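The values are calculated or read from the model by the stated rules, or taken from the named source; none is laboratory data. Here the structure is a predicted model, which means the values were calculated and not measured. Note that we place each Cβ from the backbone using ideal geometry, even for glycine, and neighbour counts take in every protein chain shown. When the accessible area is computed, the model is the full protein with side chains, heavy atoms only, and any ligands, DNA or RNA have been set aside. Shrake-Rupley method; radii C 1.70, N 1.55, O 1.52, S 1.80 Å.
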Amino acid sequence: FQKELISKNLTELKTKRGVAIFKEVDKLLQDKDEAFLTYDWQVPDTDEYAEKIAYVKKIPKWDWVLGSGFYLKDLDEFLQNEEKKQKEFLDTLILKILLIVSVLFAIVLSISWYISQRFEEEEGRQKRHLKLLEQYKQILDLSAIVTKTDLSGRIKEVNSLFEQVSGYKKEEVIGKAHRIVRHPSTPKE
């Protein structure tokens with residue numbers, strides 16, 4: 001607000017560059033009711049001039065022209081402050097996201113470790129059962145004749161006691177029917 005301009009005829013008031021600013025406003029408002037313009041103007045309470053942008057509106061009923069403006073350097077300062085606030089906000093947001101991701105990673109790592117432990121325990125149980133089954137097989141192989149066949153009766157596997165008692169090697173009986181070891185005097189029935 002410049003008190004020295006009160007009650008003065010402003011039609012000849014010129015900017016630092018020599019533009020009669022209020023004549024310029026009149027030209028802009030000849031064909032329309034409102035307009036924007038930019039110009040250099042003295043910054044209040046200083047000897048400095050700065051670029052200013054203004055909005056002007058004609059009010060024909062009262063033969064008035066109202067205007068409002070601001071210095072572009074103020075806009076620059078405002079935008080820099082907003083940019084600083086946005087950067088601070090983003091930095092805080094990134095920090096929060098990193099914290100959340102870290103917590104989630106720790107949770108996933110804990111769950112993975114727990115599941116891994118359960119798998120190891122189960123694997124240990126399975127190995128003990130397999131060892132026990134192998135011991136049973138060894139005992140069975142030492143005390144009984146064992147053959148394994150497919151659904152059509154062809155021999156797939158034999159144990160060493162079968163080889164000793166029958167006199168056949170494993171390679172000789174694999175793929176053949178059990179009748180190979182039948183005594184000739186055994187009736188077919």
query: Straight-line reach from Lys96: which aspartates and glutamates have Cα under 15 Å away, leaving out those fewer than 8 places along the same chain?
result: Glu88
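If the chain between Asp26 and Tyr114 were fully stretched, how many nm would it gain, using 0.36 nm times the residue separation less the Cα-Cα distance? If you can, show how the numbers build up before the last one.
Values: separation 88, 0.36 × 88 = 31.68 nm, distance 8.04 nm.
The span from Asp26 to Tyr114 would gain 23.6 nm if fully extended.
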field: Candidates Arg118, Arg17, Arg179: whichever shows maximal mean-square fluctuation once the chain is modelled as a Gaussian network with Cα springs under 10 Å
entry: Arg179
Cleavage-rule hits (chymotrypsin sites (Phe, Trp or Tyr not before Pro)) in the stretch 1-41: DSSP loop, at most 15 neighbouring Cβ within 10 angstrom: Phe1
statement: Checked against the structure, the computed Cα Rg over 2.2 N^0.38 Å among (1) 3.13; (2) 1.62; (3) 1.23 is the one labelled (1)
message: Can you tell me the orientation of helix 72-143 relative to the chain, as the angle in degrees between its alpha-carbon axis and the longest Cα principal axis, to the nearest 10?
response: 0
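Within the chain, what whole-number % of the accessible surface is contributed by carbon and sulfur, with the 1.4 Å probe and all protein chains included in the calculation? It would help to have the intermediate numbers written out before the result.
Values: 9240 of 15910 Å².
Carbon and sulfur: 58 percent of the exposed surface of the chain.
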- prompt: Where only protein heavy atoms count, and the probe is 1.4 Å, what is the accessible area per residue for the chain in Å²?
  reply: 84
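When the chain is fully extended, how far beyond the present Cα-Cα distance does Thr15 get from Ile145, taking 0.36 nm per residue of separation?
On the way: separation 130, 0.36 × 130 = 46.80 nm, distance 11.82 nm.
Between Thr15 and Ile145, full extension yields an extra 35.0 nm.
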message: Could you work out how much longer the chain between Ser152 and Ile94 gets when fully extended? Use 0.36 nm per residue separation minus the Cα distance between them, nm to one decimal.
response: 14.0 nm
